[in-house]
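Please read the structure below before turning to the comments.
We did not get these values from a lab; they are worked out from the coordinates using the rules stated. Only a predicted model underlies this, so the values are computations on that prediction, with no experimental measurement involved. Positions of Cβ are generated from backbone atoms using ideal geometry, with glycine treated the same way; all protein chains shown enter the neighbour counts.
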Amino acid sequence: MTKEIFDILRKGDESGNNMIIRMRLSSGREIFGFATENTYGGGWDLGPTWNYVITSEKPFLVDAGRRGNGLKLLEMMRYSGIDPNGLDFVLLSHGHEDHDGGLFEVTRATGTKVMAHRIYKSLSRAYPRKAPSPEKRNFPAFCWDCPMPESFWKNNCLEYHKEKMRLEIISLDNLGQKISDGISVFHVPGHSPDSIALLIDKEIMLVGDTVLPDITPHPTCEHTFKMTKGIFQGHYREADEIYGLRAYIRSLKRLKGIGEEMPGLTILPGHRLFYQNRWNYMEDLAARITEIIEHHVQRCGDILKSLGDGPKRPEEIASACFEERLLKGFGITMALNEVLSHCELLEISKDVIFVEDGRISTTHRTGFESLIRDLR
Ligand SMILES: [Zn+2]
Ligand SMILES: [Zn+2]
């Protein structure tokens, strides 16, 4: 793919903030990309969130940027000649704040409806009697296993969640569902349990944060399912159907299969399409997915290696496997999450055991690689 397939309607800054692009498909359909700001600070900068408008009988929006960016996004749409009041719906790629934070502003200004995977709707609600601790009683199930410290979520999150809980959400069901002519939705859990991908006219694959260029998306942890399984009303029986590294790798393989069937697909990601004055095209979905799976194989190997000189706590594994700049501030919670999701897989492949006092010990086996290769 060459960058000529995009018209640049507005140049953003060096990371692509505020950039607007447009592409025309051979079907005649147009897709617009809008990059909205997404800075948390620290070494884990994902770059702006890429939100997309897809023209159809009525256009629809995919994702709404971080909280505080909804109105900016609508302004970007107007700049591009799209009337936000004419939107058919907003569809969410997944329920992370950098994608749904602006949702309330967008719906309040336009009255448009919201569509998301049914897991999004389930996890966006509070269940006071099922919450794991009294402090989380008013928080949605999405937050029950939040790795951020209390000082963060007590001050930053409640308003955002209260807004979201007031929204009506139309649930999408599972795989292969057509939401309009030429557009199919795939459930690709793993980065988030509600992640979806969209195949558009067999020309475009919109992948959200499931496949990113330049950086590797974070997997969730299977242990979250212990807290949330009661709210899914029996739809999901095993943790790895929707959470953790195994779910993520299965989703990647499913997308890889589609990429192999349709090698000319243009891939539109949730971040890093343009970053630090550079386009990061993923020319080949299957090839990029192979790289991401290899990254996880490598990380499992690195964790086992770090355990060679004795059992370690997750924090010690994180300092052995991550650069120091990535462990600063909230970076440590991201790193710990990564370590734990890999250790869960290593426990299933019988390569590690969790010993008393929360330390992890190697069994001197290496079954993880064949476990990852055989996941279907
Ligand atoms: Zn995400
Ligand atoms: Zn994201």
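Taking all Cα-Cα distances within the stretch 73-131, those exceeding 12 Å account for 71%.
If each Cα of the stretch 234-376 is one equal point scatterer, what is log10 of I(q)/I(0) from the Debye formula at q = 0.13 Å⁻¹? For the requested q values the scattering log ratios are -0.69. Using the Cβ-Cβ distance between THR55 and ILE8 with R0 = 25 Å, the FRET efficiency computed as 1/(1 + (r/R0)^6) comes to roughly 0.90. Over all distinct Cα-Cα pairs of the stretch 14-110, the Kirkwood formula returns a hydrodynamic radius of 13.4 Å. Amide H contacts for ARG10 (H built 1.01 Å from N in the peptide plane; partners 5 or more residues away or on another chain; cut-off under 5 Å): ILE20. Applying 1/(1 + (r/R0)^6) with r as the Cβ-Cβ distance of LYS305 and SER151 and R0 = 30 angstrom yields a FRET efficiency of 0.30. Put simply, the amide H of SER93, placed in the peptide plane, has neighbours under 5 Å in ASP63, leaving out anything fewer than 5 places away on its chain. Only DSSP H runs of four or more residues enter the estimate; each adds -39500 (n - 2.57), and after division by the residues of the chain the mean residue ellipticity at 222 nm equals -9500 deg cm²/dmol. Spread over its residues, the convex hull of the C-alpha atoms of the stretch 237-303 is 116 Å³ per residue. Label the stretch 65-199 by shape, choosing from rounded, prolate and oblate, from the square roots a ≥ b ≥ c of the eigenvalues of the Cα gyration tensor; if a/c is under 1.5 it is rounded, and otherwise prolate applies when a/b is larger than b/c, oblate when it is not. Note, shape of the stretch 65-199 comes out oblate. Reported to the nearest whole Å, the Cα centre-to-centre distance from the stretch 1-80 to the stretch 205-239 is 25. Roughly how far apart, in whole Å, are the Cα centres of the stretch 277-353 and the stretch 158-197? Using only Cα atoms to place each centre, the spacing works out to 27 Å.
Computed on the stretch 267-329, the Cα convex hull volume stands at 116 Å³ per residue.
Shown in residue order for the stretch 338-348 are the 3J(HN,Hα) couplings computed by the Karplus curve 6.51 cos²θ - 1.76 cosθ + 1.60 at θ = phi - 60°: 4, 4, 5, 5, 6, 5, 4, 5, 5, 6, 5 Hz (x for Gly and Pro).
Between SER26 and MET165, the FRET efficiency estimated from the beta carbon spacing at R0 = 41 angstrom works out to 0.45. Most tightly packed first, judged by the mean number of other beta-carbon atoms within 10 Å of their residues, the peptides 29-39, 218-228 read 29-39, 218-228.
Taking 8 Å as the Cα distance limit and 6 or more residues as the minimum spacing, I'd like the relative contact order of the chain as a percentage.
Rounded, it is 13 percent for the chain.
Evaluated at q = 0.07, 0.10, 0.11 Å⁻¹, a Debye calculation over the C-alpha positions of the chain (equal weights, vacuum) places log10 I(q)/I(0) at -0.30, -0.63, -0.77. The alpha carbon gyration tensor of the stretch 160-228 gives principal lengths a ≥ b ≥ c with a/c of 1.5 or higher and a/b no greater than b/c, which makes the shape oblate. Restricting attention to the chain, close to 75% of DSSP beta bridges with both partner residues there are antiparallel. Along the stretch 356-365 the Karplus relation, 6.51 cos²θ - 1.76 cosθ + 1.60 evaluated at θ = phi - 60°, assigns HN-Hα couplings of 4, 6, x, 7, 10, 10, 7, 9, 6, 10 Hz to successive residues, with x for each Gly and Pro. Less than 5 angstrom separates the built amide H of VAL114 from those of VAL90, ILE170, all sequence-distant by 5 or more or on a different chain. Here the Karplus curve 6.51 cos²θ - 1.76 cosθ + 1.60, taken at θ = phi - 60°, turns the phi angles of the stretch 185-194 into couplings of 10, 10, 7, 10, x, x, 5, 8, x, 9 Hz, with x standing for Gly and Pro.
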